[in-house]
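**Q** Just dropping this structure here.
The values are calculated or read from the model by the stated rules, or taken from the named source; none is laboratory data. Keep in mind it's a predicted model, so treat the numbers as computed, not measured. Positions of Cβ are generated from backbone atoms using ideal geometry, with glycine treated the same way; all protein chains shown enter the neighbour counts. Side chains included, ligands, DNA and RNA excluded: accessible areas come from the protein's heavy atoms. Shrake-Rupley method; radii C 1.70, N 1.55, O 1.52, S 1.80 Å.
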Amino acid sequence: NDEAQIQALVAEQVRAWNAGDATAFSLRFAKDGSFTNIRGTVFYGHKAFEDRHREIFSTFFKGSKLAMTVGRIHFVRPDVAIVDIATELSELHGYPPGITPTAAGTIVTRLQEVCAKNGGQWQIESYHNVDAKGQ
């Protein structure tokens, strides 16, 4: 079922992040996808998404642990879904410029992914992450 496949995609992202594997984290990101990070910087394309994650996995997010909780999957069409996700990053050894951690030293965000089913497989077309300022 499509909802289970999307949940599995999110679980794949968590495993890849926690392994610090930018290639695996980017595996389901679309060739021409858009990515807005928690600082509001926009990147386009699979290569840019993967390169940026390779960079952060080797700098301020090296060794960090990601938890993602899907709050809602809304199917706009049978082959397009908007996925709302609560995220929490822990075990941090630094923070991106301008990002304030929670009192517990974590980063909390709200992530929205737009996924499309192509060739029977779900992929991420848009990844928009917003710093929740410790909420």
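**Q** Can you tell me how much longer the chain between Thr102 and Asn118 gets when fully stretched, taken as 0.36 nm per residue apart minus their C-alpha distance, in nm with one decimal?
**A** Stretched out fully, the Thr102 to Asn118 stretch lengthens by 2.0 nm.
**Q** Here's something else I'd like to know. Would you work out what percent of the accessible area of the range 68-135, with all protein chains in place, is carbon or sulfur (probe 1.4 Å)?
**A** Accessible surface attributable to carbon and sulfur in the range 68-135 totals 51 percent.
**Q** May I pose another question? Sort Asp84, Asp131 by heavy-atom solvent-accessible area, probe 1.4 angstrom, most to least.
**A** Correct descending sequence by accessible area is Asp84, Asp131.
**Q** Along the charge dipole of the chain, which of His128, Phe60, Gly45 sits closest to the positive end, that is, farthest toward it, with unit charges on the beta carbon of Lys, Arg, Asp and Glu (+1, +1, -1, -1)?
**A** Phe60
**Q** A further question on this structure: What whole-number value in Å² describes the accessible area per residue of the range 53-135 for a 1.4 Å probe?
**A** With the other protein chains kept in place, the range 53-135 gives 52 Å² per residue.
**Q** While we're looking at this one, here's another question. Find the centroid of the Cα atoms in the range 95-135 and in the range 7-77, then give the distance between the two in whole Å.
**A** Each part reduced to its Cα centre gives a spacing of 8 Å.
**Q** Let me ask another. Just round it to a whole percent: the fraction of Cα-Cα distances in the chain exceeding 25 Å.
**A** 19
**Q** Within 12 Å, Cβ to Cβ, of Ser126, how many net charges do the neighbouring residues add up to if Lys/Arg are +1 and Asp/Glu are -1?
**A** -3
**Q** Once you have the Cα-Cα distance between His74 and Val42, take 0.36 nm times their residue separation minus that, and quote the gain in nm to one decimal.
**A** Net length gain for the segment: 9.1 nm.
**Q** Another one. Taking only Cα atoms, what is the 0 to 90° angle, nearest 10, from helix 2-18's long axis to the longest principal axis of the chain?
**A** 30
**Q** Here is a further query. Compute for the range 1-61: radius of gyration divided by Kirkwood radius, i.e. Rg/Rh, restricted to C-alpha atoms, rounded to two decimals.
**A** My calculation puts Rg/Rh at 0.98.
**Q** Let me ask you something else. Based only on the alpha carbon positions, what is the Kirkwood hydrodynamic radius of the range 79-135, in angstrom?
**A** Taking every pair of different Cα atoms in the range 79-135, averaging 1/r and inverting gives 12.7 Å.
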